[in-house]
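Every number in this text was worked out from the coordinates using simple rules, so none of it is lab data. None of these values were measured; they are calculated from a predicted model. Backbone-built Cβ (ideal geometry, glycine too); neighbour counts: all protein chains shown.
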Protein chains: 2
Amino acid sequence: MITKTGRTVDQDTLDKAFMALADPVRRAIVARLSRGDATVNELAEPFAITKQAVSKHIQVLEHAGLVTRSRDAQRRPVHLDAAALEELTAWIDQYRLIAESRFRRLDALLETIENTEEKKEEEQ
Amino acid sequence: MITKTGRTVDQDTLDKAFMALADPVRRAIVARLSRGDATVNELAEPFAITKQAVSKHIQVLEHAGLVTRSRDAQRRPVHLDAAALEELTAWIDQYRLIAESRFRRLDALLETIENTEEKKEEEQ
DNA sequence: TTCTTGATCAACCTATTGGTTGATCAAGAG
DNA sequence: CTCTTGATCAACCAATAGGTTGATCAAGAA
């Protein structure tokens, strides 16, 4: 599929991205990163799980294309990719808007029918 | 968290909803349903998997709150819940917009620095 | 009642997830 | 060189996801 940004997103990328967000720890990491880049240790601090587990979560986010990492001596700051998030909302909105427009058209149709019924009653 | 619609969405609901979208078969089902309600058999037709497997996929979507089902004799038409999709985009956008506004502020800062540097050069 | 249709239930198999512990590596600091 | 810090690799384990086959159920149709 093609997003508003013109980028092509394949099924596998969508699989990984949605799967990545289907975990409360990873969503908390995304929330934290929206406020600014952070290291694995910083990200691990609020959680009651091992640093290794958090490292794995970050790898999941990275393979999903939601975050990127740079090198700064021993540190490897994690950075949130807002554009990747936008592609997900674009996918969802595409179908949500179709469903909603269909709903609105049905709404209009029902109104038309109601008006017709009222007219009939008036004519009687 | 609370969405634009005022509805509260708990972690477990987000877990299930994102997990539900992390599968190409279920996304295809969502895409099909955006065009209108359909039965399990109709939804199963395009796929090379058993009807039972599709039935399970629909249950996953249902437990995630993304679709609802009504009763019409033996048929159980599946209906896409556009409002539930909206809650997901609301969650994503919340953090995407924070990250982007941060990015824009950094952009503005870098511009300020560049202008300052240019000014210095002019002064030399 | 019997047959057909639409759909689910139940049991099972395999691959993958999310977590652990323990070892290892890479880059500075002393 | 040795020590510390930040982070990853490797092996393992329990739970779950996605799929199958076979039986079952509920509602009309004949």
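About the Cα centre, and with charges only on the beta carbon of Lys, Arg (+1) and Asp, Glu (-1), how big is the dipole of the stretch A:11-94? Nearest 20 debye, please. Provide the component values of the computation, followed by the final result.
Numbers: 11 positive and 12 negative charges, 90 e Å.
With Lys and Arg at +1 and Asp and Glu at -1, about 440 debye.
Quick one: with label points 7 Å out along Cα→Cβ, list the inter-copy distances for B:Ala28 in nm, shortest first?
The projected label point of B:Ala28 is separated from its counterparts by 3.7 nm.
Going 7 Å from Cα along the Cα-Cβ axis for the label, what nanometre distances separate A:Glu45 from the same residue across the other copies?
Computed spacing set for this position: 5.7 nm.
Which whole-number percent is the relative contact order of the stretch A:11-94 (Cα, under 8 Å, 6+ apart)? Write down the numbers at each step before the final one.
On the way: 82 pairs, mean separation 27.8, N = 84.
The normalised contact order for the stretch A:11-94 reaches 33 percent.
If you take every residue apart from B:Pro77 with its C-beta less than 10 Å away from the C-beta of B:Pro77, what net charge results, scoring Lys and Arg +1 and Asp and Glu -1? It would help to have the intermediate numbers written out before the result.
Working: positive: B:Arg69, B:Arg71, B:Arg75, B:Arg76; negative: B:Asp37, B:Glu42, B:Asp72.
The answer is +1.
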